[in-house]
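Since the structure comes first, as structure tokens, the remarks are kept for the end.
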Amino acid sequence: MTADASGAVEIRAALMRLRRTTGLPVAFGGLVEPGRSWVRISELTGTRTQALNALAVTSGNGLGGKAVALGRPCAVTDYSLSRRISHEYDAPVAAEGLRSVLAVPVVVRRRVRGVLYGALRTAQPLGDRTLSAAVEAARDVEQALVAREEAQDLLTAARCEPASGPAWEQVREAHAALRALAPRITDPDLRAELLSACGLLTASPASGEEVGLTPREIDVLACVAGGATNAAAAARLGLRPETVKGYLRSAMRKLGAHTRGEAVAAARRAGALP
């Protein structure tokens, strides 16, 4: 999956969360095209037409372009009548029947990477709760993109040196930390995105599926690979030490391993661990 494609997945998931948490009937968004100064609207939910699909929103123009240029959220109560924005995109907005609209930039490492929009088909103020939810959705996308990019950077560095080098140790530490964090995330979409970022760090996209390892067995093996005792792995994963032992025994059986070290080595060969 390319970086652009993965970003689109995260934009789409954030738009669904935005509608679910706010009740907004329409949400849409897209990414800043590489090397360009515009956002290409590619993800739409709740729309009735294709008027906004593939629309290129240039920095500084319209509501989304203003959000890109300023690097902060912007909102209008009645799009077509607002004096706070320019009106290059009135026709597609009117074709979709949108009135109140908000736009929140997705900013990664001080660079705008995309924009999320939410909209009503009536002209009424969008409250603080709705604006806050939109900002939170954008932050989720930002965190997911950062995790993916850091994972890719680590993997690129590791590929330039032996598997026992320091960059590989960083990869393995990052993988274990991300897997330990994932079960604590209640939002299923964000949790799936985080696990997808973990997958970038493994040698194979199979991630242990061929040997039938469960997610929790991989979590335990990731901790063991970092030198954690059963007690330390339990504390990190929020499990009981006896439960960790059970997962480890099960993983060893599936991998045909007799020791913890053999299990880690076999899991790496299977692509379940970096």
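The values are calculated or read from the model by the stated rules, or taken from the named source; none is laboratory data. Here the structure is a predicted model, which is why all the values come from computation and not from measurement. Counting neighbours? That spans all protein chains shown, and the Cβs are built from the backbone with ideal geometry, glycine included.
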Checklist entry - What pairs come up if the first residue lies in segment 188-208 and is within 13 Å of ARG148 (Cβ to Cβ), the second is at pLDDT below 70 and exposed (fewer than 15 other Cβ atoms within 10 Å of the Cβ), and their beta carbons are under 8 Å apart, counting only those six or more places apart or on different chains? => result GLY199/PRO205
Item to check | Yes/no for ASP78 being modelled with pLDDT of 95 or more and surrounded by fewer than 17 Cβ atoms within 10 Å (Cβ to Cβ) | outcome: yes
Checklist entry - Here is a list of conditions, (1) assigned to a helix (DSSP H, G or I); (2) in contact (Cβ under 8 Å) with a residue 40 or more places away in the chain; (3) of a type outside the set (Ser, Thr, Tyr); (4) crowded, with 22+ Cβ neighbours inside 10 Å, and ALA27 meets all of them except one; can you say which number that is? => result (1)
Checklist outcome for this item: Looking across segment 219-274 at residues that are touching a residue at least 24 places away in the same chain (Cβ under 8 Å), touching a His at 6+ places or on another chain (Cβ under 9 Å) and assigned to a helix (DSSP H, G or I), the single one that is surrounded by the most Cβ atoms within 10 Å (Cβ to Cβ) is ALA222
Next on the checklist: Anything in segment 137-148 that is touching a residue at least 12 places away in the same chain (Cβ under 8 Å) and either crowded, with 17+ Cβ neighbours inside 10 Å or more than 13 Å from ARG109 (Cβ to Cβ) (or both)? List them, or say none.
Outcome noted: ALA137, ALA138, ASP140, VAL141, GLU142, ALA144, LEU145, ALA147, ARG148
Item to check | Scan of segment 178-225 for residues that are of a type in the set (Gly, Ala, Ser) and modelled with pLDDT of 80 or more, ordered by number | outcome: GLY212, ALA222, ALA225
Item to check | Residue selected from segment 108-135 under the condition aliphatic (A, V, I, L, M) and surrounded by fewer than 19 Cβ atoms within 10 Å (Cβ to Cβ), by the criterion nearest to the chain's Cα centre (by Cα) | outcome: VAL108
Next on the checklist: Checking the condition modelled with pLDDT under 90 and farther than 17 Å from PRO274 by Cβ, which residue from LEU248, LEU239 passes?
Outcome noted: LEU239
